[in-house]
1. Which log10 I(q)/I(0) values, to two decimals, does segment 82-181 give at q = 0.20, 0.25 Å⁻¹ under the Debye formula with one point per Cα?
2. Take the residue pairs LYS314/LYS471; LYS99/LYS124; LYS46/LYS298; LYS139/LYS506; LYS110/LYS167 and return only those whose Cα atoms are more than 21 Å apart.
3. After finding the eigenvalues of the alpha carbon gyration tensor for segment 140-199, what semi-axes result from the square roots of 5 times each, listed largest first in whole Å?
4. For segment 397-473, what number results from the quotient of the Cα radius of gyration and 2.2 N^0.38 Å?
5. Could you point to the residue in LEU299, LEU309, GLN323 farthest towards the positive end of segment 297-338's charge dipole, with +1 and -1 charges on the Cβ of Lys/Arg and Asp/Glu respectively?
6. Considering only protein heavy atoms, with the full assembly of protein chains and a 1.4 angstrom probe, order TYR125, TYR404, TYR189 by accessible area, largest first.
Amino acid sequence: MRLFRALRAAAPNLSEIQGDLFSRGFPKFYETYYFFSIQRPGDFSKALPKLVDGKHISSLAAVLGQWKDLDKPLNESTKEKTVTQLSNALIGFSVFGLKEIERGIQSLGKGPALVGLGETESGKYSLEKSDPAFYTGMKKDGPKSLFDPPVTRWDPLFQANIHGVLKVAGSDKDQVESRLKQLKEALGYDSGVIVDIPARSPPTDALSRVDGAAEKRSERLAWGREHFGFRDGISQPLMRDIDSDDACKTNNFMVTPQDAIIVPQDGKAWGHTSDTPPGDPSRRPPWMKDGSFLVFRKLEQHVKRFNTLLEKHKSVGCKDPEQLAAKLMGRWKDGTPIADGEPRNPVEPANSAPVNLLASNNFPAPSTKKDSRTVCSPGAHILKTNPRTPAWSSSRILRHGIPYGTPFIDKDEPRGLLFACYQSSIDMGFRKLQQWANSRTFGEGASSLAPGIDPIIGQSKETAEGGQVKKEDAMRVWKDDKGADFWGKRTEEEGLGPHEPVVTMKGGEYFFVPSLAALRGV
Ligand code: HEM
């Protein structure tokens, strides 16, 4: 009973959490990320509470309601109508933006509001101590700790000092544009309270934003496919108290809300369920309650290079390039886990029904030596980023990315993924996964097995400098994974390297997504 009470007390407040923060996120076909700089902190701080009026920033309770409506069996025409009426928005701030807000509040004579932000904070609360990566920002942290390319190679937008982001999603471009316009107006864009990055005169936000689309623009992007052709958005942690109880019961990879949302636990630690994050969550200030961290990265995908890699190595333990692609990802392009054998829709017809999401997500939990991973290459992207072992299961993220750029036909134009994920600790979430991806070994402490770096997102010293993935780093493909002892010897074929990296990071930032209560209180 006491435990029950403690859990209830820690439960997140759905009407105070921003609406993208659960497994399904905003319903969307089109999305824009608008990045801005705060020029007049006092006026900005005054404007923020106006966003919490139900029309500007969406609450999780409202978005859950929208999904309930969308899930109702409607006839096609009614459904269309409901979908076209939708748009939602979220706001987040980099540590530099939070510092501007703090300055703004102080300039209004309201005293220190965002405790814990100061450089020399020595009291109980300290963001520098609780969330070191966020406090540092991606520009310093990425190149130093994650082999991101130097900032001079990033897109100019991300080289600038970004204070905040508006993430606006909706059913089409018009819905998104008009919602973004409303938000910018409310924040004083027209009178220069916020400006584009880099600021332009006359103002044009074209350079300050990146747009993505998941609508059915072509056969290839049907059913939410990313540019290499794989179905995306399948494996997503469900959240107790937020996702439906039935779904949670059948999902092996459920997280508690605390993995994605910052809520106090037993009155001591705030946030992540792991008790050993690099930072000290107990030093998180109370204004972070019901908030989350958003990691945004623009990741360019080199589709031609990916296809060339498959063609060149198609005979490495595989019968054709499609099978090699599946070994690199851990899923066939239609989403079927390679652990399940052959794909259900090998030719990925655009109009084929989506695979059963839950079944495709739930490989048996690894318990015996002959577990699911024995039929999925240990280096595959979906095992690198979710090793499916209890010891490492606390590093789960909510992914809500969207593709940008035109679908690949033959022209090698810039295209890729606007990667976005939420977590209650950047160190335990995104950073940990990217570090696993960059490591030649599998997970932590399993150095006897070295499948190479993640073939999709793995980065190294060489790739950071614009070079190739070295032979020693490139993923190894095993001839026959079936039935082999996971930790033991297998029939290994040669690795895939050296090769050009198939994904290049073009910039990004770490953001904090406050609760609506925090926005109101500013
Ligand atoms: C799963 C593609 C970047 C983490 C997947 C899936 C695809 C994919 C196709 C399988 C579908 C699914 O389970 O939803 C890509 C591409 C990327 C990219 C093309 C870059 C352009 C990243 C990054 C991270 C990441 C940067 C984190 C550091 C994950 C995770 C899963 C996943 C956690 C789910 C694994 C599981 O539970 O099975 N990705 N991804 N991805 N990806 Fe990525």
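The values are calculated or read from the model by the stated rules, or taken from the named source; none is laboratory data. Keep in mind that what you see is a predicted model, and the values were worked out from it rather than measured. All Cβ positions, glycine included, derive from the backbone under ideal geometry; neighbour counts span all protein chains shown. Just so you know, the surface numbers come from the protein's heavy atoms only, side chains and all, with ligands and any DNA or RNA stripped out. Shrake-Rupley method; radii C 1.70, N 1.55, O 1.52, S 1.80 Å.
1. Summing over Cα pairs of segment 82-181 leads to -1.05, -1.21.
2. Numbers: LYS314/LYS471 17 Å; LYS99/LYS124 18 Å; LYS46/LYS298 31 Å; LYS139/LYS506 11 Å; LYS110/LYS167 29 Å.
As for pairs spanning more than 21 Å Cα to Cα, those are LYS46/LYS298; LYS110/LYS167.
3. Working: eigenvalues 164, 49, 17 Å².
Semi-axis lengths for segment 140-199 are 29, 16, 9 Å.
4. Numbers: Rg = 15.0 Å, N = 77, 2.2 N^0.38 = 11.5 Å.
Taking N as the residue count of segment 397-473, the ratio is 1.31.
5. LEU299
6. Numbers: TYR125 60, TYR404 20, TYR189 40 Å².
Output order, biggest surface exposure first: TYR125, TYR189, TYR404.
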